[in-house]
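Just so you know, all these numbers are worked out from the coordinates, no wet-lab data involved. Just so you know, these numbers come straight off a predicted model, no measurement behind them. A quick note on method: Cβ atoms are made from the backbone with ideal geometry, for glycine too, and the neighbour counts reach across all protein chains shown.
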Amino acid sequence: MNVKNTLTLILVGLFLLSCSNDTSQIKRDKTPIKLTKEFKAYWYNNEAEITSYQLEQARYGEIHTGNAVLVFVTEPFSIVKQVKADHPTERDVSVLKLNFTKKFITGIYPYSMMTSSFTPLDYFNKHALKTTTSSQEWCGHSYMQMNKKKGKYEVSSFSYFESEGDQQKQVDVQWLEDEIWTKIRINPELLPEGKAEMIPSSFYIRLMHKELKAYQVELTKTKMTDELNSYKIVYEDLGRELIITYRNAFPFSIESWEESYVSGWGEQAQQLTTKATKLKTIKSDYWTKNGVKDLKMRELLLLDKE
């Protein structure tokens with residue numbers, strides 16, 4: 001066999017190997033989640049699950065009291081426009097959406113923060129298709145959006161801070177801390193473990209003015225009791241850790257969480273722990289509960305009327 005024929009065979013072999021790897025990757029990407037009858041009955045009944053939490057939030061080197069709310073709901077999501085589909089078609093996907101809010105007071109002025117994440121239910125190893133985060137307080141407000149497109153997250157960032165305002169960038173698709181909450185609710189057995197790369201919580205990025213990028217993490221899932229598991233995320237380079245405690249039986253409700261890092265600047269800086277403890281959970285089509293008479297529903301969640 002001459003040199004030319006040998007090189008041809010090698011190139012063909014490499015091409016076939018490449019195609020084989022691509023095919024296996026595509027096959028893995030299209031492994032569907034097995035949604036049980038129990039899952040469908042709970043999440044596809046035209047109601048959202050709303051859970052309130054007592055919040056102790058670290059900010060400016062002190063702990064401030066407030067409340068947090070997790071709102072989980074399924075909805076059709078347009079892959080093309082990356083918004084809720086008004087008129088769903090076969091091209092759209094079903095997502096488990098989380099609206100995660102925090103409200104707390106720092107001295108004279110209030111904070112109101114919200115992150116929305118959209119996690120697809122069709123494939124087990126797909127990352128969140130989109131996240132949005134907003135933060136409002138008396139100094140100003142900020143907004144950040146991440147859209148998963150063509151193997152990247154396209155990031156738009158706006159802020160009253162000069163160094164953070166009106167930015168456009170791309171980051172590689174990695175695990176998002178903001179999608180872990182929905183991953184737990186879908187199936188905690190699919191949570192990543194060990195060493196990985198992860199983009200921290202959008203709340204943390206905003207509050208601590210950190211660079212939006214993936215950081216090295218250690219991920220640990222632990223059985224705490226017969227009923228409870230915990231999921232621990234440790235960012236060694238950031239000196240930060242998050243522990244989420246959830247029930248190990250369906251629907252895998254989130255009972256509490258703790259987040260520790262250095263809060264404050266200068267002499268006020270110290271290691272503090274934000275804590276959230278569950279108050280109440282209800283199921284409701286809350287979007288229809290918008291009358292004055294529906295204020296009483298906030299009492300069910302042990303929330304004030306503000």
Loop-only trypsin sites (Lys or Arg not before Pro) in region 203-306, please: DSSP not H, G, I, E or B, and at most 16 other Cβ atoms within 10 Å.
Lys210, Lys213, Lys289, Lys305
DSSP loop chymotrypsin sites (Phe, Trp or Tyr not before Pro) in region 164-223 with at most 12 other Cβ atoms within 10 Å of their Cβ, which ones?
none
Measure nothing but the geometry: give the 0 to 90° angle between the long axis through the Cα atoms of 3-29 and the longest principal axis through the Cα atoms of the chain, rounded to 10°.
30
Under 13 Å from Lys296, Cα to Cα: aspartates and glutamates that are on another chain or at least 8 residues apart
Asp304, Glu306
Counting alpha carbon pairs within less than 8 Å and at least 6 residues apart, what relative contact order, in whole percent, applies to region 56-106?
43
Which pairs break 24 Å Cα to Cα here: Lys152/Lys195; Lys103/Lys149; Lys103/Lys148; Lys102/Lys126; Lys103/Lys223; Lys34/Lys275?
Lys103/Lys149; Lys103/Lys148; Lys102/Lys126; Lys103/Lys223; Lys34/Lys275
Sparsely packed chymotrypsin sites (Phe, Trp or Tyr not before Pro) within region 121-152, loop by DSSP, other Cβ within 10 Å at most 15
Trp138
Distant-in-sequence amide H partners of Ser256 (H built 1.01 Å from N, under 5 Å):
Thr245
Would you mind computing Rg(Cα) / (2.2 N^0.38 Å) for region 32-282, counting N as its residues?
0.99
Distance between region 133-170 and region 234-276 - C-alpha centres, whole angstrom
23
Apply the Karplus parameterisation 6.51 cos²θ - 1.76 cosθ + 1.60, with θ equal to phi minus 60°, to every residue of region 163-168 and state each ³J(HN,Hα) to the nearest whole Hz, in sequence, with x for glycine and proline.
5, 10, x, 6, 10, 10
Fewest Cβ neighbours within 10 Å first, please rank Ile108, Ile63, Ile233, Ile199 accordingly.
Ile108, Ile63, Ile233, Ile199
So how long is each side of region 188-306 along the principal axes, counting just the alpha-carbon atoms, biggest first, in Å?
49, 40, 24
